[in-house]
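What follows is a single structure, and I will ask about it in a moment.
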């Protein structure tokens, strides 16, 4: 292959030529064109596969000054080259050694910028590969930097994290194991990269607390905050069977260790809501910063209280209600999201905070904090609107847990609030069932003022009523109406008119007026309407057998298959069945009331 | 009590002995500990290991600094502030810590070391505290009270609160709330005021009550009884209070009980009509305070107009006109107040907003000029005064201000030239760094590629311009 050989010699010769010319020059006399020639020649060597020769040139002691000044130029072609070779290729090995040599020999300031430029320019599938390739030399260079080290470390970490952030975070077990883009591996490599700098901060903190130490510490803190938001907030952090070292759990542990070592862990968890935000001139920046750190701190709290990372450093004297109060802010942040990873973290954090408390131990005063009213409303939103069933179920069970923790006055206030705000008959029915349970407790176990007497009556006003009188859509509200009727039935059976502990007998006329009467009217109207409709449909079917698709239903923008008349009839019948059910309970309640009143009247006469 | 000393010596011994020592302590506590629970149910037992150096105990709400060590009944240590190398800090009596601690630490004196034995009801109860505290655990603590201090309400040292009796619930009076309080005022140890009074938060001045009390009330709860230490800024300030014989810049101490309060309506609870009506009232009120030189109080009144009307949408044309005129007046007057209070940045902000409503407003331009002049932004100030002249060529004050600006600019330049002569190199370096953070690596890389050691000329120019 004479042709190829001559080309090679050309490339190497050119390099040798420029090297020889520069060897005799003083450092200060290198000119722009020398840099250029060196770059072109070096690049050609690499492209033509003569990495070994290039390595020799670089290692040559005589060329030290040249490499120190010009070597950083080669980073870009070098990285390009490395990715073209296969893992086991000797040439790749040579290239890697060149990279290593450059990290040792080059002027750190310039090499630093060269490396960072490479990281900045990579994108897509290559991000993790590039970052992992360059982390080691970058670390070497940063450790050698004399000036602006903290700033440079911060810039590197920020750049790396920014490049990683657009990548999708593996979520399922399979995705994590596969780690297609190398994100899991890369994150942990980045933590290792940061370690020497953490150690430096720790060492400095032990000595004194001077200004420039603060700078490096702040940069590391920023990195941790960023990591908490991405990838950790989006990652699946539950232990997974069959994965011994869960990469994100490992990453999380390391991040928390850094925070602990730089003594920022406890302040972050506890002092956050006192507004220790950096002074931004621009209000918009300040808001963004606050929002970002709210996400990060929420994730941190999840890691500590749910996954128990770093909990060994955590003071064990805080009261559970105070912990709930602190976490409530974070829970609210997480429950406002719609992504499964964040919602489930929010729910887990809420659950674990509540499980630390004893039943009935949360004072009603806490409801004066806005979060304590907002968060249950968020729960209701999740349980009624979230498309993921397991989250809907979980939020319902947590709502019950939340109710259970409050003292009776708290439960009372919470019920009132939820009845007024939920706008969902199912939830209202659920709350009404809870009210019934509380009344039962106060009648059978211990007396309390909130679920008997005048407080209860004012609550019953809310429960035993129809939102729009006789015109209320009974079908839509059937859950609520059934629960209300059951509650009323319970009251008239359990509480004798002579005792009237609950006060229900005193307010019976009002209940009759606001609830029973309009309900009866409403039932008659609805039944008549639906029966007429059924009759109509049946006649229509006979008449126009051909066009039996009359109505269409749209669910979240997608058209559902059209309903046939047969299906429509089925729906109408099931509505009638619901009305019958309501009617039968209503009749039973009325009968009970009548019997009891009659009994009392007989007694009196 | 010789056995206490014996315990002291024991704690000095090696870790080996800790477990047995722990048992000894627990036994001693059970046998001899004092029951410090209000219910006297032996839920928290205490033994003083080392008496305090001073007689004072912390009060509710105080920021308390302690070192502690906690163990389970089996002697297993579950927590220690010393392992973390820093004292544990919390607010006393606010339910931040387990009940046993709120009760126990409140009984301690400064410098005291004590042992506390806490029944589960006063600790983590049947729920425990995962992962360290099992259900129904009795906890043992050694606590050292290092220090405590009153709560610094605004974190500026201006108002220190110490609570004698805790209030109920968590809600506080807001600005504009009607409060009924009892107060006693002291200065230099003698009482100058004592009264029951009902007033509106923000208008205490009408009853010779300093602004600090208004501010503190917004952090108090119903029924709370506290002592407030006011710095002059939050007291009667430079003017003093001749009526009470109080000199300029006097430190004041108040004892206040918040008997009851009724919250003022929040902005979202009011309709436009109500807001406009009230705006007229508070504007009047603000002007009255302003004339009396009570600028802080005036700011509160004018501020209400802004909070009610600035974000009000869906107004009719007539309402909108009225609203704008209130807002304009409020911003202009706020700017004036802030000038008097020497808060120039805020003054500029208010002028900006006033000029946003009426871009040629003479007062707005003039006051912004004044504020900028006082902030040493001579060029900008000069622009403002020139604009004043464009609007009203007769404005003599503006004319003379322009010459002031020119004179100051020159003085400033001369001084700068001397001071900064040698500092350009430094600035240039800092600029380079900032430039790097802004435009990313490329620019820096370029720079580094071309030159080493040489400062970029661009940066130097910029810096110089800034000081002309």
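Does residue B:281 satisfy the criteria of being assigned by the TED database to the domain that holds residue B:326 and either on the phi > 0 side of the Ramachandran plot or exposed (fewer than 14 other Cβ atoms within 10 Å of the Cβ) (or both)?
So residue B:281 passes the test.
Go through (1) in contact with a strand residue (DSSP E or B) (Cβ under 8 Å, 6 or more places away or on another chain); (2) more than 14 Å from chain B (Cβ to nearest Cβ) one by one and return the number of the condition residue A:405 breaks.
(2)
Given the criteria at positive phi and buried (at least 16 other Cβ atoms within 10 Å of the Cβ), does residue B:93 qualify?
yes
Another one. Out of segment B:234-263, which residues are at pLDDT below 90 and either surrounded by fewer than 18 Cβ atoms within 10 Å (Cβ to Cβ) or more than 22 Å from the chain's Cα centre (by Cα) (or both)?
Answer for segment B:234-263, where residues must be at pLDDT below 90 and either surrounded by fewer than 18 Cβ atoms within 10 Å (Cβ to Cβ) or more than 22 Å from the chain's Cα centre (by Cα) (or both): B:238, B:239, B:263.
On to the next question. Which of (1) surrounded by fewer than 20 Cβ atoms within 10 Å (Cβ to Cβ); (2) outside the structural domain of residue B:173 (by the TED database) is the odd one out, the single condition residue B:296 does not satisfy?
(1)
May I ask you to list the residues in segment B:120-140 that are in contact (Cβ under 8 Å) with a residue 24 or more places away in the chain, outside any loop (DSSP other than H, G, I, E, B) and within 10 Å of chain A (Cβ to nearest Cβ)?
Listed by number, the residues that qualify are B:121, B:133, B:139.
If I filter segment B:104-119 down to residues being within 12 Å of chain A (Cβ to nearest Cβ) and in contact with a helix residue (DSSP H, G or I) (Cβ under 7 Å, 6 or more places away or on another chain), which single residue comes out as farthest from residue A:358 (Cα to Cα)?
B:116
Tally the residues that are assigned to a helix (DSSP H, G or I) and within 14 Å of chain B (Cβ to nearest Cβ), restricting the search to segment A:86-109.
2
Given (1) surrounded by 21 or more Cβ atoms within 10 Å (Cβ to Cβ); (2) more than 30 Å from residue B:174 (Cα to Cα), where does residue A:341 come up short, assuming only one miss?
Just one mismatch for residue A:341, condition (1).
Based on this model, can you work out whether residue A:82 counts as within 16 Å of residue A:135 (Cα to Cα), within 14 Å of another protein chain (Cβ to nearest Cβ), modelled with pLDDT of 90 or more and surrounded by 16 or more Cβ atoms within 10 Å (Cβ to Cβ)?
So residue A:82 does not fit the description; no.
Is there a residue in segment A:376-390 that is at pLDDT 95 or above and within 10 Å of chain B (Cβ to nearest Cβ)?
no
Is at least one residue of segment B:329-338 surrounded by fewer than 17 Cβ atoms within 10 Å (Cβ to Cβ) and free of Cβ contacts under 8 Å to residues at least 60 places away in the same chain?
no
Could you check segment B:42-90 and list, in sequence order, the residues that are within 14 Å of another protein chain (Cβ to nearest Cβ), in contact with a helix residue (DSSP H, G or I) (Cβ under 7 Å, 6 or more places away or on another chain) and not in a strand (DSSP E or B)?
Within segment B:42-90, just B:84 meets the criteria.
Continuing with this model, one more query. If I filter segment B:154-171 down to residues being out of contact with any helix residue (DSSP H, G or I) (no Cβ under 8 Å at 6 or more places or on another chain) and over 15 Å from residue B:230 (Cα atoms), which single residue comes out as farthest from the other protein chains (Cβ to nearest Cβ)?
For segment B:154-171, the residue satisfying everything is B:164.
Of these, A:301, A:344, which one is part of a helix (DSSP H, G or I), away from chain B (no Cβ under 14 Å) and more than 25 Å from residue A:260 (Cα to Cα)?
A:344
Tell me whether segment A:110-128 contains one or more residues that are surrounded by 19 or more Cβ atoms within 10 Å (Cβ to Cβ), away from chain B (no Cβ under 14 Å) and at negative phi.
The answer is yes; a qualifying residue exists.
Next up: Restrict the check to segment A:394-402 and report whether at least one residue is within 14 Å of chain B (Cβ to nearest Cβ), under 30 Å from residue B:169 (Cβ atoms), assigned to a helix (DSSP H, G or I) and modelled with pLDDT of 95 or more.
yes
Moving on. Being surrounded by fewer than 24 Cβ atoms within 10 Å (Cβ to Cβ) and free of Cβ contacts under 8 Å to residues at least 24 places away in the same chain, is that true of even one residue in segment B:360-375?
Looking for residues that are surrounded by fewer than 24 Cβ atoms within 10 Å (Cβ to Cβ) and free of Cβ contacts under 8 Å to residues at least 24 places away in the same chain, one finds none in segment B:360-375, hence no.
Still on this structure: So in segment A:349-362, with the set limited to residues that are closer than 14 Å to residue A:407 by Cα and more than 8 Å from chain B (Cβ to nearest Cβ), which one is surrounded by the most Cβ atoms within 10 Å (Cβ to Cβ)?
A:362
Sticking with this structure for a sec: Is it the case that some residue within segment B:141-153 is within 27 Å of residue B:42 (Cβ to Cβ), crowded, with 20+ Cβ neighbours inside 10 Å, touching a helix residue (DSSP H, G or I) at 6+ places or on another chain (Cβ under 6 Å) and within 12 Å of chain A (Cβ to nearest Cβ)?
No - not one qualifying residue is present in segment B:141-153.
The values are calculated or read from the model by the stated rules, or taken from the named source; none is laboratory data. Since the structure is predicted, the reported quantities are computational estimates derived from the model, not experimental observations. Every residue, glycine as well, gets a Cβ built from its backbone with ideal geometry; the counts of neighbours run over all protein chains shown.
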